[in-house]
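Inspection log for the structure reproduced underneath, given as structure tokens.
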Amino acid sequence: MEFLNCILFELGGKPVLLIDLLTSVFGLTTVFLAGRNSKYNFYVGYVYTALLFLMFWNRHLYANLILQPISLGINIMGQYRWSHPKKGEESSDKHGELKVSMLSWTQRGLVAVSVLVLALVWGWLMSMMGTKWFVGYFPANPLPYLDCCVTVLILTAQTLSAMKKWDCWIAWLFVNVANLTLYLKAGLVFMPVVSMLYLVNGIWALVTWFRLYRKNA
């Protein structure tokens, strides 16, 4: 897999690898399709998950690396849920597909608290890896709390997306902002540019899914 680490060009004095470019293309494609309510986003997402696993391994961002097998499971669940709606959940304009819905304010509060607690606990565990635990086996994570915050937010956004909740795009907006910070602090140049494109797509999808929600309300 060494060919994935070949340098294609430099941006801002930083090398852009083939794995970075491929991950960006597949990532942008899957969120573009999701924002347009296309079930085909899941097929592209499977490849995207595999590429992310390899990229995070190279960057020693272990919380995000561990996320990828979990993301794969969420993708599979989401693909099934989108195409197998229960009674009363079917979209009015797409027969046999799940309609867009929203969380209640109580559910949103519970999600926010859960994200905060999980991020803090997981961040502490990751801060121990390579510094006090398993020293010499794993390089120390340079940004454990930010890494884990992004990880938990991504899991939350993916789960809500699999349930076709409009609120998933709120979570994705937080993910994109956090990713911008994470990638910049990790010394990346190309990925922050990609994160900006994710941010623009997320805002557009937020509006699009709200219209779909109103249409099916």
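Using θ = phi - 60° and the Karplus curve 6.51 cos²θ - 1.76 cosθ + 1.60, what whole-Hz ³J(HN,Hα) does each residue of the stretch 66-73 get, with Gly and Pro shown as x?
Per-residue couplings from phi come out as 4, 4, 4, x, 5, 4, 4, x Hz.
Please compute the Cα-Cα pair-distance distribution of the stretch 154-217 with 5 Å bins starting at 0, giving whole percents from short to long.
4, 19, 24, 22, 15, 9, 5, 2, 1
With 25 Å as the limit, write out which pairs from K165/K185; K87/K164; K39/K87 have Cα-Cα distances beyond it, or answer none.
K165/K185
With label points built 7 Å along Cα→Cβ from the Cα atoms of V113 and K86, find their separation and express it in nm.
Distance between the two pseudo-spin positions: 2.4 nm.
What residues from the stretch 66-95 fall in the zone where the backbone N is under 17 Å from a label point 7 Å along the Cα-to-C-beta line of A50?
68-76
I'd like the FRET efficiency for M77 and I7, computed as 1/(1 + (r/R0)^6) with the beta carbon distance as r and R0 of 41 Å, rounded to 0.05.
For M77 and I7, the calculated efficiency is 0.65.
Once fully extended, how much extra length lies between V25 and W204, figured as 0.36 nm per residue of separation less the alpha-carbon to alpha-carbon distance?
62.6 nm
What distance in nm lies between label points placed 7 Å from Cα along the C-beta direction at L125 and Y43?
A separation of 3.5 nm, rounded to one decimal place.
Tabulate in residue order the Karplus-calculated ³J(HN,Hα) for the stretch 171-177, using 6.51 cos²θ - 1.76 cosθ + 1.60 with θ = phi - 60°, rounded to whole Hz; enter x for Gly and Pro.
Listing the rounded values in order: 4, 5, 5, 5, 4, 5, 5 Hz.
By how many nm would the segment from R211 to T106 lengthen if fully extended, with 0.36 nm per residue of separation less the alpha-carbon distance?
Net length gain for the segment: 35.5 nm.
Name the residues whose placed amide hydrogens come within less than 5 Å of the amide hydrogen of L17, ignoring near sequence neighbours (fewer than 5 apart) on the same chain.
Correct list: L8.
The numbers here are math on the coordinates, done by the rules we state, and not lab data. Because the structure is a prediction, the values reported are computed rather than measured. Glycine also receives a Cβ, built like all others from the backbone with ideal geometry; neighbour counts cover every protein chain displayed.
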